[in-house]
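Here is the structure we will look at.
The values are calculated or read from the model by the stated rules, or taken from the named source; none is laboratory data. Note that the structure is predicted; figures quoted are calculated from it, not measured. Because the Cβ atoms are built from the backbone with ideal geometry, glycine has one as well, and the counts that use them run over all protein chains shown. With ligands, DNA and RNA removed, areas are computed over all heavy atoms of the protein, side chains included. Shrake-Rupley method; radii C 1.70, N 1.55, O 1.52, S 1.80 Å.
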Amino acid sequence: MMTLRPRTRWILLGVSALLIGAYAAAGFFVVPRVARSQIEAFVTETLHRRIALGEIRFNPFTFEANIADLKLAEADGAPLVAFRHLKVNAELASLWHRGVVLKELELVAPDVNVVIAPDGSVNLVRLAPPARAPPEKPKADERPLPVRIGTLSIVEGRLGFEDRTHKHPFAAELTPISFSLSDFRTDVGHQNAYSFSGRTRSAERLEWSGAFTVQPLGSSGTFALTDLRLATLDAYVEDSLPTKLASGTVQLGGSYQFDLQPLALEIALPSVKVRDLSIAERGASAAAPVVIPQIDLDSLAFSLSRRDVGVKRLEVRGAHVDLVREADGSINLARLAKPSPASSSEKSSEKPAQQSGPPWTVHADV
């Protein structure tokens, strides 16, 4: 066995220490600067947007990256996407898996603003870089890049939505949002478990959990919607309906099964509860002519593949209807079903759509 001289050992130790020091310096100091310049250049030169970045840190020994206080905005300064902190912990397994392997991905206080412009375009869609021309002949054995994430979590999120296609722009906000995903994989048939929750400023709440697969794309799970105010729904559809949902709340919960290929969607709602519903003519100052304190639906089922909607029981309690014959002989309730000018003009400009497949079936199995 060859024995190294003391001087040679010291030289090797010195070279090793120098290499480790250079690697550490590059990771701790060079990588954050390069990442900042690349991100800023991409946003300004390719996306033509504004970006502000806080501290960027990278640990070359644990492969953990941290980005603080990112703010992405339109060229005019309108906010698009922001977050307080992003942590990504990568693993060396990415090398032999020939893909992306992350031990942890954590996003704190993301703030996303979705805006539908008057022309129907969506602001976030415009963030996509110009599409490249697809290859002439894709390889037969070519597969998507494998991705694995141990845990993915989103906390204290906010989603703002604004639709400017309406006469009166509609705006809503969902916050705080929390989302968790464990053992995410793009492997064929792998079930990725997730959970989501969020609420509006009006205390409306959505709970959604289940699992989904990437290959093939599909999902199944359960959801619950609590204290949905019908006034919120009315504010979004007011341009197309003459009837005003003046008040009322909805509570529902159920399960779903979705598959993309072939397209299928099955929804089962064991119970739907509507409380304190009042319906009025839009724009009228008179009291609502229809008031229903309680509506209960049991076992509501929706099937896209069978084109079927059914309910086992529908119960209405305490309904109060004011029927008035006007001076011109018309009945006040008839105006509740009269199409609004906006919806009438839209229908007249549209070509009649040809129905594909069998007709839909709606039934009550009482």
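A few remarks follow.
- The His168 and Arg335 beta-carbon pair, evaluated with R₀ = 30 Å, returns a calculated FRET efficiency of approximately 0.90.
- Accessible area of Phe258 (1.4 Å probe, protein heavy atoms only, ligands and nucleic acids ignored): about 60 Å².
- The chain, dipole about Cα centre (Lys/Arg Cβ +1, Asp/Glu Cβ -1), debye to the nearest 20: 1280 debye
- Here's the picture: charge each Lys and Arg Cβ at +1 and each Asp and Glu Cβ at -1 in the chain, and of Ala24, Thr44, Gly357 the one pushed furthest to the positive end of that dipole is Ala24.
- Residue ranking by accessible heavy-atom surface, 1.4 Å probe, largest first, among Asp322, Asp365 comes out as Asp365, Asp322.
- Heavy-atom SASA rank of Tyr256, Tyr23, Tyr236 (probe 1.4 Å, accessible area, largest first): Tyr23, Tyr236, Tyr256
- Anisotropy class of the range 201-343 from Cα gyration tensor, a/c 1.5 cut: prolate
- Rounded accessible area per residue of the range 233-312, 1.4 Å, Å²: 50 Å²
- Identified option (computed mean projected area of the Cα convex hull in nm²; candidates [x] 24.7; [y] 18.2; [z] 29.2): [z]
- Computed with a 1.4 Å probe over protein heavy atoms only, the accessible area of Ile20 comes to about 100 Å².
- Exposure rank, largest accessible area first [Lys244, Lys87, Lys312; 1.4 Å]: Lys312, Lys244, Lys87
- Within the accessible area of the chain (1.4 Å probe), percent carbon and sulfur: 62 percent
- The magnitude of the dipole of the range 6-134, with charges of +1 and -1 set on the Cβ of Lys/Arg and Asp/Glu and taken from the Cα centre, is near 620 debye.
- Positive-end extreme of charge dipole, the range 239-346 - chosen from Val290, Leu304, Leu263 (charges on Cβ): Val290
- Cα gyration tensor category, rounded, prolate or oblate, for the range 224-274 with a/c compared to 1.5: oblate
- In the chain, the longest principal axis of the Cα atoms and the axis of helix 6-25 are about 20 degrees apart.
- Look at the alpha carbon pairs under 8 Å that are at least 6 residues apart: their mean separation over the length of the chain gives a relative contact order of 7 percent.
- The range 231-315 - charge dipole about Cα centre, Lys and Arg +1 at Cβ, Asp and Glu -1, debye rounded to 20: 140 debye
- Global dimensions of the range 255-337 from alpha-carbon coordinates: Rg and Dmax equal 18.2, 58 Å.
- Area of Phe29 that stays accessible when all protein chains are in place (1.4 Å probe, Å², to 10): 140 Å²
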